[in-house]
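Engineer: What follows is a structure written as structure tokens; I'll ask about it next.
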Amino acid sequence: MEIKIGTQLELEPTYTESVEKFRCKVVEQTENIIYIDYPINVATNKTAFLIDGSEFRASFHTDDKQSFAFSTEVVGRRAGNIPMIMLHCPKEDDFIKIQRREYVRVETPVDIAIQFQDAKYQLVTTDISAGGLAVLLKGVINFQAGDDVQLTIVLPYANGDVKYVITDAMVVRIFEKDAQKIATIQLTDTDDDDQQHIVRFCFERQLVNRRKEINPFDD
């Protein structure tokens, strides 16, 4: 996908504990390289100097108000009247359309532990977002709709890293679908860092699902 010159990109580091955001503009683009001006840290309003090899999630808006995101990394820099940083530009198939709603829900299995009173349940999700999740219930459970629980969510990233998000939550609903019992759970106490970890995980899984749709016979 060709990104218009002057388009504003928002960059978020992919694998960091802290939440940072940078803004920059597209100055030039070739087939697989995006040239940007030096980005500004949104929090400090200071120029940021990105290291070669740094990985980011980049997002932008089109003229018709659609939003897209893609994975990228710093591949170099170019001197000139306007010093520029070079970002890898993936193929159009690897661009993910961002939904208008705040949290995108992705259908994917994730291991979680639910703590309720003195009992702990090891379960697997059917879908997840930064705002909540649905979990497949097995065996006898003691919690019900309206109960407060504590979750430990295991997020395995594509680079091999694993993040554990521990958060308070509330059981919203328990129901049966296709002979399976499912609970929907709302996250009630996630901080900005934990939300970003979940958002990044969902983005990665979206990308994997998109590739499977395009190439269904690939491993």
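The values are calculated or read from the model by the stated rules, or taken from the named source; none is laboratory data. It should be emphasised that the depicted structure is a prediction, and the values quoted were computed from it without experimental measurement. With ideal geometry, Cβ positions are generated from the backbone for all residues, glycine too; neighbour counts draw on all protein chains shown. These accessible areas exclude ligands, DNA and RNA; they are computed on the full protein's heavy atoms, side chains included. Shrake-Rupley method; radii C 1.70, N 1.55, O 1.52, S 1.80 Å.
Engineer: Restricting the range 49-61 to residues that are open to solvent by 90 Å² or more (accessible area, probe 1.4 Å) and of a type in the set (A, V, I, L, M, F, W, C), which is modelled with the highest pLDDT?
Structural biologist: Result: ILE51.
Engineer: Which numbered condition trips up VAL135, out of (1) open to solvent by less than 40 Å² (accessible area, probe 1.4 Å); (2) not in a strand (DSSP E or B)?
Structural biologist: (2)
Engineer: In the list ASP64, ASP94, ASP111, ASP127, which residue meets the criterion of being under 20 Å from the mean Cα position of the chain (by Cα) and open to solvent by 90 Å² or more (accessible area, probe 1.4 Å)?
Structural biologist: After applying the criteria, what remains is ASP111.
Engineer: Let me ask another. Kindly indicate the residue of the range 161-203 that is part of a helix (DSSP H, G or I) and in contact with a Leu (Cβ under 9 Å, 6 or more places away or on another chain) and also surrounded by the most Cβ atoms within 10 Å (Cβ to Cβ) among those meeting that condition.
Structural biologist: Once the filter is applied, the top-ranked residue is ILE198.
Engineer: Just name the residue that is modelled with the lowest pLDDT out of those in the range 97-108 that are open to solvent by less than 100 Å² (accessible area, probe 1.4 Å) and not in a strand (DSSP E or B).
Structural biologist: Filtering first and then ranking leaves GLN99.
Engineer: Quick one: count up the residues across the range 23-48 that are part of a loop (DSSP other than H, G, I, E, B) and open to solvent by 50 Å² or more (accessible area, probe 1.4 Å).
Structural biologist: Qualifying residue count for the region: 9.
Engineer: Moving on to the next point. Can you spot a residue in the range 74-89 that is in contact (Cβ under 8 Å) with a residue 12 or more places away in the chain, open to solvent by less than 90 Å² (accessible area, probe 1.4 Å) and within 30 Å of GLN186 (Cα to Cα)?
Structural biologist: Checked against the condition, which is being in contact (Cβ under 8 Å) with a residue 12 or more places away in the chain, open to solvent by less than 90 Å² (accessible area, probe 1.4 Å) and within 30 Å of GLN186 (Cα to Cα), the range 74-89 yields no hits at all.
Engineer: Within the range 138-148, restricting attention to residues that are among the hydrophobic types (A, V, I, L, M, F, W, C) and within 18 Å of LEU187 (Cβ to Cβ), which residue is least open to solvent (accessible area, probe 1.4 Å)?
Structural biologist: Selected residue: PHE143.
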